[in-house]
Amino acid sequence: MELVGVSWFCSCLLLDPAELSSGEAEELQRIKWHRKQLLDDIQKLKDEIEDVFAQIDCFEMTEESRMAQKEKELCIGRKKFNMDPVKGIQYLIEHKLLTASAQDIARFLYKGEGLNKTAIGTYLGERDPINLQVLQAFVDCHEFANLNLVQALRQFLWSFRLPARPRRLTG
């Protein structure tokens with residue numbers, strides 16, 4: 001039956017509308033109306049898809065901008081750290097690039113990307129309680145398993161430099 005309707009519709013398109021019966025003419029009008037509705041729906045869907053793609057593009061540009069801003073702030077934080085380690089860490093925490101946890105700060109120092117090793121040593125050598133916690137977490141970042149003492153010391157001392165003038169330890 002469906003195939004007959006399709007073949008009838010195709011033959012109706014080729015016929016002169018004057019040759020159609022009133023029932024056939026009504027059916028043709030109804031089919032044309034449904035066709036127009038479907039084409040309108042298709043166009044609406046195309047427009048919606050285009051809007052979604054535009055929103056995705058906008059989101060991606062915003063995300064790229066946000067990532068570029070974060071990278072810029074991270075670069076500034078590294079420079080500040082290299083000039084004054086305490087102020088650099090404070091800047092990174094204020095800009096939510098680091099948390100104030102000793103473990104997060106220690107991981108940042110351990111990675112050392114763009115950081116001056118002497119500045120790392122200076123920060124780790126501070127005697128404030130947070131610096132001592134960071135030092136402990138920094139030591140925990142290292143993997144000393146299966147290393148002899150000399151290898152472990154080399155690995156540890158390679159990750160930072162001791163300041164030129166050691167601070168006096170006061171008890």
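So here's what we get for this one:
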quantity: Qualifying residues in the range 29-45 (those that are open to solvent by less than 100 Å² (accessible area, probe 1.4 Å) and closer than 23 Å to Ala18 by Cβ) - the one nearest to the chain's Cα centre (by Cα); calculated: His34
quantity: Test result for Leu3, surrounded by fewer than 10 Cβ atoms within 10 Å (Cβ to Cβ), modelled with pLDDT under 90 and part of a helix (DSSP H, G or I); calculated: yes
quantity: In the range 142-158, the residues that are touching a helix residue (DSSP H, G or I) at 6+ places or on another chain (Cβ under 9 Å) and more than 18 Å from Ala119 (Cα to Cα); calculated: His142, Glu143, Phe144, Leu147
quantity: Residue match in the range 77-84 (condition: part of a helix (DSSP H, G or I), over 16 Å from Phe160 (Cβ atoms) and open to solvent by less than 90 Å² (accessible area, probe 1.4 Å)); calculated: yes
quantity: Count of residues meeting criterion [over 20 Å from the mean Cα position of the chain (by Cα) and open to solvent by less than 70 Å² (accessible area, probe 1.4 Å)] in the range 87-103; calculated: 6
quantity: Qualifying residue in the range 77-84 (condition: in contact with a Ser or Thr (Cβ under 8 Å, 6 or more places away or on another chain) and at pLDDT 95 or above); calculated: no
quantity: Test: residue in the range 109-118 that is open to solvent by 90 Å² or more (accessible area, probe 1.4 Å), in a helix (DSSP H, G or I), closer than 14 Å to Ser159 by Cβ and out of contact with any Leu (no Cβ under 7 Å at 6 or more places or on another chain); calculated: yes
quantity: Filtered residues of the range 119-140 (kept if open to solvent by 40 Å² or more (accessible area, probe 1.4 Å) and assigned to a helix (DSSP H, G or I)); calculated: Pro129, Ile130, Leu132, Gln133, Leu135, Gln136, Val139, Asp140
quantity: Every residue from the range 85-106 that is in a helix (DSSP H, G or I) and aliphatic (A, V, I, L, M); calculated: Val86, Ile89, Leu92, Ile93, Ala102, Ile105, Ala106
quantity: The range 142-154, residues that are loosely packed, with under 14 Cβ neighbours inside 10 Å and part of a helix (DSSP H, G or I); calculated: Leu149, Val150, Gln151, Leu153, Arg154
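The values are calculated or read from the model by the stated rules, or taken from the named source; none is laboratory data. These numbers come from a predicted model, not from an experiment. Cβ: placed from backbone, ideal geometry, glycine included. Neighbour counts: every protein chain shown. SASA here: full protein model, heavy atoms, side chains in, ligands and nucleic acids out. Shrake-Rupley method; radii C 1.70, N 1.55, O 1.52, S 1.80 Å.
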